[in-house]
1. Given 20 °C and 1.002 mPa s, compute D for the stretch 1-100 with the Stokes-Einstein relation, Rh being the Kirkwood radius over Cα pairs; round to the nearest whole µm²/s.
2. If you average 1/r over all unlike Cα pairs in the chain and invert the result, what Kirkwood radius do you get in angstrom?
3. Among DSSP beta bridges lying fully in the chain, give the percent that are antiparallel, nearest 5.
4. Within the stretch 35-165, what whole-number % of the accessible surface is contributed by carbon and sulfur, with the 1.4 Å probe and all protein chains included in the calculation?
5. Among the GluC sites (Glu not before Pro) within the stretch 78-169, which fall in a DSSP loop and have no more than 16 other Cβ atoms within 10 Å of their own Cβ?
6. Could you tell me the accessible area of ARG201 in Å² (1.4 Å probe, neighbours in place), rounded to the nearest ten?
7. What helices does the chain have that are whole DSSP H segments, at least 27 Å long along their own axis by Cα, and with mean Kyte-Doolittle hydropathy of 1.0 or more?
8. P(r) tail for the stretch 193-268, what percent of Cα pairs lie past 18 Å?
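The values are calculated or read from the model by the stated rules, or taken from the named source; none is laboratory data. Being a predicted model, the structure only gives us computed values, none of them experimental. Positions of Cβ are backbone-derived with ideal geometry, glycine not excepted, and every protein chain shown enters the neighbour counts. Surface accessibility is based on the protein's heavy atoms, side chains included, excluding ligands, DNA and RNA. Shrake-Rupley method; radii C 1.70, N 1.55, O 1.52, S 1.80 Å.
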Amino acid sequence: MPVLNEERHLRSSVRHILEQEYAGELEVVIALGPSTDRTDEIAAELSAADSRVRTVANPSGRTPAGLNAAIHASRHPVVVRVDGHGMLSADYIATAVRLLDETGAANVGGVMHAEGENDWEHAVAAAMTARIGVGNAAFHTGGAAGPAETVYLGVFRRSVLEEQGGYNEEFIRAQDWELNFRIRRAGGLVWFSPELRVSYRPRPSVRELAKQYRNYGRWRHVVARYHSGSINLRYLAPPAAVCAIAAGVVAGALLTPWAFVIPGGYLAAVTLGSLPAGSGLPVGARVRIPVALTTMHMSWGWGFLTSPRKLARRVIASRREPVAVPEG
């Protein structure tokens, strides 16, 4: 579990792990980034209260570096990735281990079940689980069990992680997609199952959500440059929307008002698409869903379009081979 400024959710996240309905041994290894809140203090309290919880340092604060440090410090043949704001369902680990055995997969994962605690977070959760928000990604919207390009978090065979050299630490974001691409390219199976559910707490503000999705788009473009053939039309939709809306606004202002049909049509589609997504939610959450959807689409698309080429060149130059998980 790589954590950075997770005082709000860390205690609950670890509790959901320690209370797993799993007959085998388990350990929790928390990789501590340079937090500015009470995360380190809470982690120390958790470690003192239960010998199964340990901490390791992650000075850079980068998620893939923390993951590699935690994997290196762990000792069991199955590695479960957990985030500091993710809550595992009670039978998550037992089900994942069973699926590894039944499918022969290298990595299994399931549904990122976004759940909010206020109107804004409820709106983001609805947007993150709607097709209009994230397309046909099964780990967001659900679906039938089967092979997948990637899954949320993941439960891995340790041997596969060692064969692949762990996570590529140059990928600050999209490191899970990049690792799963390498696993699949090497002939390994990545398996999605709706039986696996992790409750996820969305970002608490428009600004934080925009930053999150801008980084997603930026680093997804880096993956596309680093691994040819890893892009598909779903990932091109947000940047195409950004270009179309920008062109419509400029043409509407300089040439003809009819061009405003493009951004107007987008806003109408987002508003209509938010209606089924908000079913059953309070009015305050429902009216915020179009804002969440627009923030996600535009930020992801802008991040993809503005992803600097030099960043991809630096990744390729510095990591011709996957990073190694030290032996131990």
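1. The calculation lands on 158 µm²/s.
2. For the chain, the Kirkwood estimate is 20.8 Å.
3. The antiparallel fraction comes to roughly 45 percent.
4. Whole-percent figure for carbon plus sulfur exposure: 50.
5. Here the sparse-neighbourhood loop sites are GLU115, GLU117, GLU149.
6. Using a 1.4 Å probe on the heavy atoms, I get roughly 40 Å².
7. Result, helices passing both filters: 233-254.
8. Cα-Cα pairs of the stretch 193-268 separated by over 18 Å account for 63 percent.
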